[in-house]
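Student: Take a look at this one; I'll ask things after.
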Amino acid sequence: MIKQIFTILLLLFSTLVFAQKHTISGYITDKQNGEKLIGANVYDSNTYQGVVSNTYGFFSLTLKEGPVKLKVSFVGYETQEFTIELLQNVALDVELKSSLELEEVTVVGEKAGINIESTQMSTIELPMKTIANIPAFMGEPDLIKTIQLLPGVQSGSEGMSGMYVRGGGPDQNLILLDGVPVYNVNHLFGFFSVFNNDAVRNVKLIKGGFPARYGGRLSSVLDISMKEGNAKEFHGSGSLGLIASKLTLEGPINDRSSFIISGRRTYIDILAYPVLKVVQKANGIEGLRAGYYFYDLNAKVNYKLSDKSRIYLSAYTGKDRFYSSEKDSYSDSYYNESTGNYVTQESKWENGAEIWWGNITSSLRWNYQYTSKLFSNTTLTYSRYKMLTGFSSSNTFNNETTSTEANYNSGIDDVGVRIDYDYYPLPEHHIRFGVGNTNHNFNPGIFVYKEDRLDSTNYETEAGNSRISSNELEAYIEDDFRIGSLIKINAGAHFTAYTVRNKSYYSFQPRVSSRFQITEKWSAKASFAQMDQYINLLTNANIGLPTDLWVPATDNVKPMRSRQFAVGTMYQLPKNFEFSMEGFYKEMNDLVGYIEGATYFSFENDWETKVESGKGLSYGIELLLMRTVGNTTGWIGYTLSKTENQFDGQNQGEPYPYNFDRRHDMSIVLSHKLNETADLGVTWVYGSGNPTTLGAQEYPTIYAQQNTIGNEYYHVDENVTDIEHKNNFRMPAYHRLDVSLSIHKEVKWGKRTWTVALYNAYNRRNPFYIQWGYDYDGLSSTQKLYKYSLFPIMPSIAYKFVF
């Protein structure tokens, strides 16, 4: 018996010895500027086991003891190889060098591309260089407008920055800037977004198959990471465009820290000033001022406390402001018979109006590496969005002043804390888990009126909606693991506990994505995700206006919910091309919208009495052919989809096409390097017309109405419009061609670039909205359908410099 026990123990000991494993861990950075590289590929060529670096460039790979041939690669960088005799845990920080001749460093025979290998589907990461080379509206490259060119993402109306992802509205997109939600991403009513490309390091869009670590929205996650600042040397860049200018400065503070600060401002108000002076002079007006501007300011600093601990502080602030004012004064004299003197009366008045909106976000992050396998990130966040519309008037007569002021404001404030963990027990497992808590404070539209009277009394009243506070507690766990060599699965769950007033909602949201490796370059994927959303955006218009209201789920308004299924395949083609095809099916419940006829400017009732719940259904197929490496990069995307909504109080309770349902949506985006000094950018987009509601016929009607003064009745003739159903008509198709040419030149102090571009190069008159009208010929009128457009062909020029 003792002999048998001894034999078993010996076998177990031998197994442990032969199976002994060690961990290689560290950070992957850009050799030139020290920026962390997200999603870099790290694997052992001997066993083909590998991992990818996380959001902070950290990786951890546990392998069996013995020789390791480690390869570290990232798109656009030269691959590095390390031969290691793995006898103990190894700390390895890797600096990758950007490659100027990308085609020559392509390694033949490596594993399939990271998108083929990954379990995550419906996900696209765009290099910032790609975004910078796309033809820009008014010469201002825009991150959101680039995202709109991807399959599954649709723009709203002409020129707008709204994102409508797989049938969802703008409020169903979780837009994160360094982990902090941004609630309004629009400048100039949506013609530009709030993101300054010069301050952005990485962009990831997730349309489905959501990992468990994300929550709170139904349709998409746009995860944007700011640059950390060049840790090697001081640099700057900037640009001068037709409507805005930018300046970015970055560099090391010392050997442990770096910074970046980036600002952007329009000068529409400055350009408009001389025009206003001419108008004033021509019309004899004095004291007239009007203008508009927006600005953005991004800043970030980081500090390396130790080899295992880092701290980051980042902030963003931005604002739009329209303003106008007019003032005048005059004097009059009259003869006072009682005194026998002339008396002069002086009078002056001033009227003003403004509308402004803006965001503030900030985050304080602390990274800590507990062991070679356990990494944590603790984040404190603050986010605020506020809008104000104001009118004021004052009159002064003989030194006595009366004034009135009316303001309408709304917004949302968030304060949150979150801790996330990355755990790498084995190469076959990457476990993430964490908890977070966010306190939301809503101001869903309050009207304030003030009046200062001649009798020195003040009058003030307030109307509108009450402020509401709510609390959202969340927790998650997910594991990215392998089953054999062909199957890889990401499975997890997101838990939330939401409290508002005396009501609590609890949610369990399962998430799973799977990948089956058919060949080294071909994989099939499938996913399921359930999402809950506790905040809503109420809007009356088809464009994103700052007067749209953010409101919470309450005891009377249920949280929105969605379930999305997706299947797809991805194939890596020669010459660095990737082809993907996905089909999706998404159900949405408890959608929130205004009832027919309700608006945010009606103060007689609380907003909760003006909304109703409905449901939505969206399904479709998305195709994408993409190339991110080489002299010619870009993509061709196509979406075939259908989206319907159903509300009991609309369209007689029958389903109707969603306002931004497009059956066909296509984009061709190309950037070609002509030579060492010139780049060409081309974008062509096509989309089926958006649905709209138009009357089919008009009927004359006569009805009696009582005279309000007496008891007599009189007849009224009116035409009644017959509307078959909501969104019963489609506007003409939308299509547009944009082109740009950039000329670069190396100079003593750095590099300068001139970019000329044409927006809507063949002058397509795309519809912004349509309506019935009449064409008069002097004798009779003919009813016609009129199309109104915004942008004809628009040239632009911009100057960019780097030093």
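The values are calculated or read from the model by the stated rules, or taken from the named source; none is laboratory data. These numbers come from a predicted model, not from an experiment. All Cβ positions, even for glycine, are placed from backbone atoms using ideal geometry, and neighbour counts span all protein chains on display. In case anyone asks, the SASA skips ligands and DNA or RNA and just uses the protein heavy atoms, side chains included. Shrake-Rupley method; radii C 1.70, N 1.55, O 1.52, S 1.80 Å.
Student: Take the Cβ-Cβ distance between ALA290 and LEU240 as r, set R0 to 35 Å, and report the resulting FRET efficiency rounded to the nearest 0.05.
Tutor: E between ALA290 and LEU240, to the nearest 0.05, is 0.90.
Student: Please list ASP548, ASP255 in order of solvent-accessible area, largest first, computed with a 1.4 Å probe with all protein chains present.
Tutor: From most accessible down to least: ASP255, ASP548.
Student: I would also like to ask the following. Can you find, among ILE84, VAL51, LEU674, the residue farthest towards the positive end of the dipole of the chain? Put +1 on the C-beta of Lys and Arg, -1 on that of Asp and Glu.
Tutor: Projecting each Cα onto the dipole axis, the largest value belongs to ILE84.
Student: What does the charge count around GLN652 come to, taking other residues whose C-beta lies under 13 Å from its C-beta (Lys +1, Arg +1, Asp -1, Glu -1)?
Tutor: -3
Student: Please give me the summed charge of the neighbours of ASN46: other residues whose Cβ is under 11 Å from its Cβ, Lys and Arg +1, Asp and Glu -1.
Tutor: Combined, the nearby Lys, Arg, Asp and Glu give +2.
Student: Could you give the dipole magnitude of segment 256-368 about its Cα centre, charging the beta-carbon of Lys and Arg +1 and that of Asp and Glu -1, in debye to the nearest 20?
Tutor: Computed charge dipole of segment 256-368: roughly 1400 debye.
Student: Would you mind getting me the FRET efficiency between ALA733 and TRP772? Use the beta-carbon distance for r and R0 = 25 Å, nearest 0.05. Walk me through the numbers on the way to the answer.
Tutor: Values: r = 20 Å, r/R0 = 0.81.
Rounded to the nearest 0.05, the efficiency is 0.80.
Student: Sticking with this one: For the chain, what % of the accessible area comes from carbon and sulfur atoms, probe 1.4 Å?
Tutor: Carbon with sulfur: 57 percent of the solvent-accessible area.
Student: Tell me which label goes with the value of Rg and Dmax of the Cα atoms in Å computed from the coordinates here: (1) 30.7, 135; (2) 26.7, 82; (3) 28.1, 84.
Tutor: Matching the structure shown: (1).
Student: How large is the dipole of the chain about the Cα centre if only Lys and Arg carry +1 and Asp and Glu carry -1, each at its Cβ, rounded to the nearest 20 debye?
Tutor: Details: 75 positive and 86 negative charges, 655 e Å.
Here the size comes out at about 3140 debye.
Student: Quick check: the angle from helix 268-283's long axis to the longest principal axis of the chain, C-alpha only, nearest 10 degrees?
Tutor: So the helix axis and the longest Cα principal axis differ by about 10 degrees.
Student: Can you compute the modelled spin-label distance between ASP307 and HIS664, with each label point 7 Å from Cα toward Cβ, in nm?
Tutor: Each label point lies 7 Å from its Cα, and together they span 6.1 nm.
Student: Something else about it: Of LEU218, LEU737, LEU670, which has the most accessible area with a 1.4 Å probe, and how do the rest follow in descending order?
Tutor: Highest to lowest solvent-accessible surface, that is LEU670, LEU737, LEU218.
Student: OK, next. Can you grab the distance from the C-alpha centre of segment 124-153 to the C-alpha centre of segment 397-437, Å, no decimals?
Tutor: 26 Å
Student: Same structure again: What accessible surface, in Å², does a 1.4 Å probe find on VAL279, ignoring ligands, DNA and RNA and rounding to the nearest 10?
Tutor: About 60 Å², rounded to the nearest 10.
Student: Heads up, I need the accessible area for ILE487: 1.4 angstrom probe, whole protein in place, Å², nearest 10.
Tutor: Result for ILE487: roughly 60 Å² accessible.
Student: So if I place +1 on the C-beta of Lys and Arg and -1 on the C-beta of Asp and Glu, and nothing else carries charge, what would the dipole magnitude of segment 309-426 be about its Cα centre? I want it in debye, nearest 20.
Tutor: Numbers: 10 positive and 14 negative charges, 243 e Å.
Computed about the Cα centre, the dipole is about 1160 debye.
Student: Right, another one. Report the extension gain between VAL278 and LYS575 in nm, rounded to one decimal, defined as 0.36 nm multiplied by the number of residues separating them, less their alpha carbon distance.
Tutor: 101.1 nm
Student: In addition: Given the protein chains as shown and a 1.4 Å probe, how many square angstrom of TRP684 are accessible, to the nearest 10?
Tutor: We get 70 Å² for TRP684.
Student: Moving on to the next point. Starting from 0.36 nm per residue, how many nanometres of slack lie between TRP366 and GLU596 once their C-alpha separation is accounted for?
Tutor: That works out to 78.0 nm of additional length.
Student: Hey, another quick one. Helix 2-18 versus the longest principal axis of the chain: what is the Cα-based angle in degrees, 0 to 90, to the nearest 10?
Tutor: 60 degrees
Student: Using +1 at the Cβ of each Lys and Arg and -1 at the Cβ of each Asp and Glu in the chain, identify which of PRO732, THR381, VAL200 lies farthest towards the dipole's positive end.
Tutor: Farthest towards the positive end: VAL200.
Student: Further question on the same structure: Work out how much length GLU346 to ASN556 would gain on full extension: take 0.36 nm times their residue separation and subtract the Cα-Cα distance, in nm to one decimal.
Tutor: 70.0 nm
Student: Of GLY416, GLY390, PRO427, which is farthest along the charge dipole of segment 332-444 in the positive direction, counting Lys and Arg as +1 and Asp and Glu as -1 at C-beta?
Tutor: Result: PRO427, furthest along the dipole toward the positive end.
Student: I'd like the GluC sites (Glu not before Pro) in segment 41-101 restricted to DSSP loop residues with at most 13 other Cβ atoms within 10 Å, sorted by number.
Tutor: In loop regions of segment 41-101 (DSSP not H, G, I, E or B), the sparsely surrounded GluC sites (Glu not before Pro) are GLU101.
Student: Quick one: of LYS232/LYS308; LYS586/LYS787; LYS227/LYS308; LYS232/LYS373, which pairs are farther than 31 Å apart, Cα to Cα? Walk me through the intermediate numbers first.
Tutor: Numbers: LYS232/LYS308 20 Å; LYS586/LYS787 33 Å; LYS227/LYS308 20 Å; LYS232/LYS373 28 Å.
From LYS232/LYS308; LYS586/LYS787; LYS227/LYS308; LYS232/LYS373, over 31 Å: LYS586/LYS787.
Student: Using a 1.4 Å probe, what is the accessible area per residue for the chain, in Å²? Don't skip to the end; give the middle numbers.
Tutor: Working: 38060 Å² over 803 residues.
On a per-residue basis, the chain sits at 47 Å².
Student: With a Förster radius of 51 Å, plug the Cβ-Cβ distance of ASN675 and THR401 into 1/(1 + (r/R0)^6) and report the FRET value to the nearest 0.05.
Tutor: Rounded to the nearest 0.05, the efficiency is 0.15.
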